[in-house]
Structures are given as C-alpha cells and as structure tokens.
1. Determine the pairs where a residue that is free of Cβ contacts under 8 Å to residues at least 60 places away in the same chain, located within region 21-44, has a partner that is of a type in the set (Val, Ile, Thr) and not in a helix (DSSP H, G or I) with Cβ atoms under 8 Å apart, the partner being 6 or more residues away or on another chain.
2. With the condition being touching a residue at least 24 places away in the same chain (Cβ under 8 Å) and more than 25 Å from Ile328 (Cβ to Cβ), I'd like the strands (runs of 3 or more DSSP E) fully within region 163-269 carrying at least 3 qualifying residues.
3. Would you be able to tell me the number of residues in region 226-254 that are crowded, with 24+ Cβ neighbours inside 10 Å and touching a His at 6+ places or on another chain (Cβ under 8 Å)?
4. Determine which member of the set Gly373, Gly379 is buried (at least 21 other Cβ atoms within 10 Å of the Cβ), in a loop (DSSP other than H, G, I, E, B), in contact with a Pro (Cβ under 7 Å, 6 or more places away or on another chain) and at pLDDT below 95.
5. Which condition does Leu364 not pass, out of (1) closer than 25 Å to Val123 by Cα; (2) surrounded by fewer than 18 Cβ atoms within 10 Å (Cβ to Cβ), if it passes all the others?
6. Sort through Thr332, Thr341 and tell me the only one that's of a type in the set (S, T, N, Q), assigned to a helix (DSSP H, G or I), out of contact with any Lys or Arg (no Cβ under 8 Å at 6 or more places or on another chain) and at pLDDT 95 or above.
7. Kindly provide the set of residues from region 178-203 that are within 22 Å of Arg392 (Cβ to Cβ) and either acidic (Asp, Glu) or touching an Asp or Glu at 6+ places or on another chain (Cβ under 9 Å) (or both), ordered by number.
Amino acid sequence: MKLINTFESALEASRQLNLIDGTKIDNVLLKVADAAETNADYILTENVKDLTAMGKADPMYDRLLLTRERIADIASDLRNVASLHSPLGEILSSTVRPNGMKIDKVRVPFGVIGVIYEARPNVSFDVFGLCFKTKNTSLLKGGTNARHSNEAIVKIIRDVLLLEGINPDVVTLLPADREATAEMLGAVGYVDLIIPRGSGSLINFVRDNSRVPVIETGAGICHTYFDKSGDMAKGEAIIFNAKTRRVSVCNALDCLIIHSERLADLPLLCERLATKNVMIQADECSYDSLNGRYPSELLQKADAESFGTEFLDYKMAIKTVNSIQETIKHITRYISKHSETIVSEDQAVLDTFASAIDAACVYLNVSTAFTDGAQFGMGAEIGISTQKLHARGPMALAELTSYKYVIHGNGQTRPS
C-alpha cells in the first residue's frame, strides 16, 4: 500500500487532535477563514487552471467555479462553524445501576474521516472545518478536475495549522488518481468512515468497493408534486426556485409531477422557467398542455430516460398523474431518498405524502432548495445522507460524532 505512511500519519494526528482544547480549535478555524480571504487571489488563480480544462457548457462548471463572493461565503461558513457549540463530550444518556455503577453515553469523534468528492473545491474547506471542529482528522480525495484548486486550499489550511503548532496531518489531500481512492477504501484500521459526495455512479462505486464503513450522500433525484388543490402562486414560486436557483446542486428539481385536473395551469406554472432556458421533457398529456404555450425549442417529448435522471442542468421532466397514489408510486420508483416536495392545500393529501414518501427530507409547500445544513441551522454541511443508518439528511457537527460508554464506579466487581 503506497499510502500506508499517509494513513498512519492521519491516525496519529487524530489522537493528537483529540487532546486539543476547544477554544484553540475555534481560534484556528477563524484564522483559516481569514487566510482564505487573504489568499483569495492565489485560490482563484489556481481555480482558473481547473476551469480552463472544463468547458463552460459542462454542468459541473458551476460547481467547480470559485469567485471572491463564494470565497467570502466559505470564510463566513468557517466562522459560523467556529461559533457553534461543539457536540463533543455531550452526555446522550446516563443511568445508575443498582450496584452504584454510573454509565454515561458520551459523544466522541469518529477519528479519521475520508471524503471522496468531485468538482467542488469548496468541499475542501467545508470538510476540514466540520471535521476539525469535531476533532476528526480528514482525508480529502478530490477529483482530477479540481486538482489545482484543492491543492491551493489545503496548502493554505496546513500553513495555518503549522503556524498554530498543530500537526498539519489533521487534513491531507490525497493524490487525485483512482489508485488513491482504492487504497483509502481498503484502509481498514486507519480510516473510520468514508463519505462519498458526487454522482450516483461515484456513490455506488464507493459503497460496492469499500471495506471501510460508508455513509452515502449527494445524489438527488428530486420531485415536486403539484396537487389538484395546489395554490398557483406557491407552486410557481416553488417550481422556479427549486429548478433554477442552482441547477448543479443535489437539491435541484428534476421532475415536476402534476395532477391531471391542473394541466390547464401548467403553462403558467412553467412560464418563468423559459426565462432561464429550462428544457422541458414532458409526457404526452403535459406536452399537449404546453405545446404552443412554452417555447418550442425548449419543449421535448419525454422518453424512458427522462424520469429517474438527476439532470444537474437546466432540464426538467414532467409527469402527469390522476391521484396522490399515482404520485407516490412514481416517486417510489425513481426515488433517491434525498428531497421531495408537494404543493397542496388539502391536509389529508399532505399527511399522506408526508407519511408515504421515504426520503431524508420531505417538504410540504416548500422548495427542495432548503436541503442544506446552513439552512437547517447546522452551519456548513459535509453532505446530505440519503441512507438510514447513523445519519439522515444534512450532516453537520453532531452527525460527525460517534459515542462511547464511560462507566464510573468505586471498586465494583462482577459476581462470579
């Protein structure tokens, strides 16, 4: 294993990190935030190298792009994380046994967390901030398309750590090649948890090949159901926001489901999407409703690939249904268990949707764009978990901890 020394160093750094005072942790995070803004020119110069190799037409371009405003937002997120209460040491439960033995269930760091991600260099800052706050060492495995950006970011972080007298191996950027991914997936005894962030194919590969425990995050095939009782103003705003706020993120709308009794309102619901050049792939009924009332160059007939696709682009499918039961059946067939929403004024339908849809985040008359750690009041997030074990939904500080039992006594022994 070529990276064995790297993994050993990360493990040792995690042991050292666990002994650092929480106030020191917060001060370092603030200094990293300052360094990010101070070194914005350097970061942007390296980012341009990555952007040049990726055409603007690529849906991943927006994820890869860094700007001064985005760096300022990243720094703000780091400062916010520093201000948050650390969950470490929290006593989740406490019991006293009949023999006087006291058992505390206490939050602790995982140890070493590996994160595999694609063209999102901001993730390098986010992962470091959340892991460092919870005293976890982070192994970062970015994609080749963000190599220069990630190298610049991690260099800035490690420079701050060195100046503050902290082992810089608490954050390590692994080589961008596939061999590094394979080695980390097999690093049993060194890496405690792996979190993949990216496409469905990346997540599936990590899940299928890792010998280290994995939390699945990222892929989102998101639906919005406009019920026959749906409010037009709410529906139009939610559809437009969920689809166009940022098309390259996992909480963006991919498929609008509309009740057949509201097909006459579909052109108005979709009207503003045309201003963003959203390409609509419509089933037969919705196509007939939009034909002549939505730009013809932006309207296509849906095919088998239209549904169950995470577009990450200015594209959207439309499916017509006759009931909430058909809606549930369609979503269940294509669900990624990320974020789903309904627009309805019928409480019984809302309750049915909330109960039947098996997703990490189920919205009732709210845009799916809110699936985000910061929007949930958690600070920056490390990802959106779409599974059910350990964590579900936005993963922030508490989700980056495990627990152990600490037992207090006074010489108790167990009878033979």
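1. As it stands, the answer is Leu44/Thr67, since those pairs meet every condition given.
2. Once the strands (runs of 3 or more DSSP E) in region 163-269 are filtered for at least 3 residues that are touching a residue at least 24 places away in the same chain (Cβ under 8 Å) and more than 25 Å from Ile328 (Cβ to Cβ), what remains is 171-173, 193-197.
3. The number of residues fulfilling the criteria is 6.
4. So the residue among Gly373, Gly379 that is buried (at least 21 other Cβ atoms within 10 Å of the Cβ), in a loop (DSSP other than H, G, I, E, B), in contact with a Pro (Cβ under 7 Å, 6 or more places away or on another chain) and at pLDDT below 95 is Gly373.
5. (1)
6. Details: Thr341 fails: assigned to a helix (DSSP H, G or I).
From the options Thr332, Thr341, the qualifying one is Thr332.
7. Scanning region 178-203 gives Asp192, Ile195, Pro196, Arg197, Gly198, Ser199, Gly200, Leu202, Ile203.
The values are calculated or read from the model by the stated rules, or taken from the named source; none is laboratory data. Since the structure is predicted, the reported quantities are computational estimates derived from the model, not experimental observations. Don't worry about glycine lacking a Cβ; one is built from the backbone with ideal geometry, like all the others, and counts go over all protein chains shown.
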